[in-house]
Every structure is written in C-alpha cells, then in structure tokens.
1. Regarding region 238-245, can at least one residue be identified that is surrounded by 12 or more Cβ atoms within 10 Å (Cβ to Cβ), among the small types (Gly, Ala, Ser), closer than 17 Å to Phe96 by Cβ and modelled with pLDDT of 90 or more?
2. Going through region 99-117 one residue at a time, which ones are surrounded by fewer than 16 Cβ atoms within 10 Å (Cβ to Cβ), at pLDDT 90 or above and assigned to a strand (DSSP E or B)?
3. Give Thr259, Thr204, Thr154 a once-over and let me know the one that is of a type in the set (Val, Ile, Thr), out of contact with any strand residue (DSSP E or B) (no Cβ under 6 Å at 6 or more places or on another chain) and not assigned by TED's automatic domain parsing to the domain that holds Leu134.
4. When you go through (1) in contact with an Asp or Glu (Cβ under 9 Å, 6 or more places away or on another chain); (2) under 27 Å from Leu153 (Cα atoms) one by one for Ile189, which number turns out not to apply?
5. If I ask for residues that are under 11 Å from Ile244 (Cα atoms) and either part of a helix (DSSP H, G or I) or among the hydrophobic types (A, V, I, L, M, F, W, C) (or both), which ones from region 203-212 would you list?
6. For the list (1) touching a Pro at 6+ places or on another chain (Cβ under 7 Å); (2) not in a helix (DSSP H, G or I), I need the number of the one condition that Thr235 fails.
7. Would you check which residues across region 107-118 are over 12 Å from Ser175 (Cα atoms) and not small (Gly, Ala, Ser) and list them?
8. Test Ile234 against the stated conditions and say whether it is touching a helix residue (DSSP H, G or I) at 6+ places or on another chain (Cβ under 6 Å) and modelled with pLDDT under 90.
Amino acid sequence: MRKILFVLLTALVVIPVTLLGQQLGERVVTGKAIIESKPKAFYYEIDPYQPIGILLGANRFILDPNLITQVEMAVGRSTFMADPYLLRIPVQIPRFYNLDHEVLSVETAPYQERGVGEWEVQILDARGSTFRTLQGKGSLPASISWDGRGDELTEVMRVGDVYSYIIILTMKDGSRMRKIGRPIDLNGIAYDSVVAVKESEIATYDPIVSEKIARYYQYVLNRFKEKGFSRIRITASDSYIADIAQRYLSERLYHTEITVVENPEYARVEFIFQ
C-alpha cells in the first residue's frame, strides 16, 4: 500500500513540473537523424587577384609571360584575363609629385578605340567611390592630366591609398564601352602646406636614417624654408616613426616647434606646415 501511495505521489509531482515546463515555452523535439557518408573531398577557393597583388607589392611591375597561363590553370578563366595588357605593364606613378607645379599623367593610350564621340574617366578612391571625373569629346587622348584633387577641388588624394580608374567610351553610334584602367599609387605628394609620404617609404625604427628617407626629409626641409613656415606637425600611424622624423628635423631646424600626432588610420606620414 505504501509503495502504491509513493508511486502516486511521484506522478503528482512529475506531472505539474512537466506542465510548468510547457507553460514556460519549453518543448521537447524528437526526430530522426540521417547521416550520409560521402567520399572525402577537398574544396578551396583562391582569389585570382592574389598572385597579381603579391607581384605588384614586391616588384612594382609584372613581366612574366607565363602569368596568364598560370592563373588560368589555378582558377580558370576570370574577368581579369579579359585585358591581358594589364598583366604586362608597370604600375603607374611610383614616385613623388609636387602638385603645386606638376600634374599626374593618367595613361589612356591602351584603351583607345575608333569611332569614339565622347569619353569619361572616373578616378576611384580606395573604397571604390568616384573621386574625380574627367570628360571630353572626340577620341580618347593618349594620356590625361590630373591634378590629384577630387571633384570639389578641395580634397587631395591620400598617399598610401591605391586609386584606380574606369574609362567609359560613348561611341558615335550611341553604344557605350567600359574599360578598367591601371592602379595609381604614389610614393608621396606635396601641395599647399602639406608634404605626405607613403608610410612604407619612410617608416623606420632605426635611429640612423637611411639615404632614401633622408631625401624625403630634405624635401620637407627645403619646402619649409622656401615657404617661410614657422611650425611643423607630423602625423603618422606610429608615434615612434614620427618621433624619429621629429628628431631628424629638429637637429636641422633650430628654434622650430615640431609636434607629433599619432593616428592609427594613417598609411602615410604627413608633414603639415604652419
């Protein structure tokens, strides 16, 4: 009799707990799992631009005649292969530009076509947004001059960012043709009261400044003296890099206030004169 009462009491306790669980939203789901065995396979995805990016970063140009074949064997036909000329030309503009007195020459000769009525060159920033639009009528010129500024003419291209350009040709019959241009990557620029140098060109953790970096510093010194400025602010992603620049310039510019600002988002070292 006691055993029967114990079973009944246990049932009375278990049932309310189960009902309470259901009221709180708990639900027991049962099902059947089917596991299908398949032969092992190795899947991978390769970026067709990766070998090109590596070569650009290391050599600044591509002259390998077998590169197209190698990429096609690895990833198949890609849109990049549509213009094999891109794989055999130097990367554009690997030098320093003084935008106060000179302009950048955007080469467009490889993209010329017959029967062009109007042309447009859209220069894109690192985010892919249109930074500057250049237009003209008639045949596409062999090269186009660009002052490095945006459409509003108040913004200057950022050294350290790689720019690109798209060429849109409107033919005389009304049809349109779109071509992708080459990368635009500057080592440094000077404009107004700023000298900006790509960080990879000037970055050093060695207190002994190399001859190449000293040439950049000398440009800063010459510009500072010629323009009659009195103060310099150095902005870089790493304060130690800026400190070395500050030390070098301070030894050559007596009684000149030189301050340092760290900005982790920078891919360049900027010397701003006041």
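The values are calculated or read from the model by the stated rules, or taken from the named source; none is laboratory data. What you see is a predicted model; the values in this text were computed from it and never measured. Using ideal geometry, Cβ is built from the backbone for each residue, glycine included, and neighbour counts are taken over all protein chains shown.
1. Among the residues of region 238-245, at least one is surrounded by 12 or more Cβ atoms within 10 Å (Cβ to Cβ), among the small types (Gly, Ala, Ser), closer than 17 Å to Phe96 by Cβ and modelled with pLDDT of 90 or more, which makes the answer yes.
2. Answer for region 99-117, where residues must be surrounded by fewer than 16 Cβ atoms within 10 Å (Cβ to Cβ), at pLDDT 90 or above and assigned to a strand (DSSP E or B): just Gly117.
3. Going through Thr259, Thr204, Thr154 in turn, the sole match is Thr204.
4. Failing condition for Ile189: (1).
5. If the condition is that a residue be under 11 Å from Ile244 (Cα atoms) and either part of a helix (DSSP H, G or I) or among the hydrophobic types (A, V, I, L, M, F, W, C) (or both), then Ala203, Ile208, Val209 are the ones that fit.
6. The failed condition is (1).
7. Those that are over 12 Å from Ser175 (Cα atoms) and not small (Gly, Ala, Ser): Glu107, Thr108, Pro110, Tyr111, Gln112, Glu113, Arg114.
8. Considered against the rule, which asks whether it is touching a helix residue (DSSP H, G or I) at 6+ places or on another chain (Cβ under 6 Å) and modelled with pLDDT under 90, Ile234 comes out as no.
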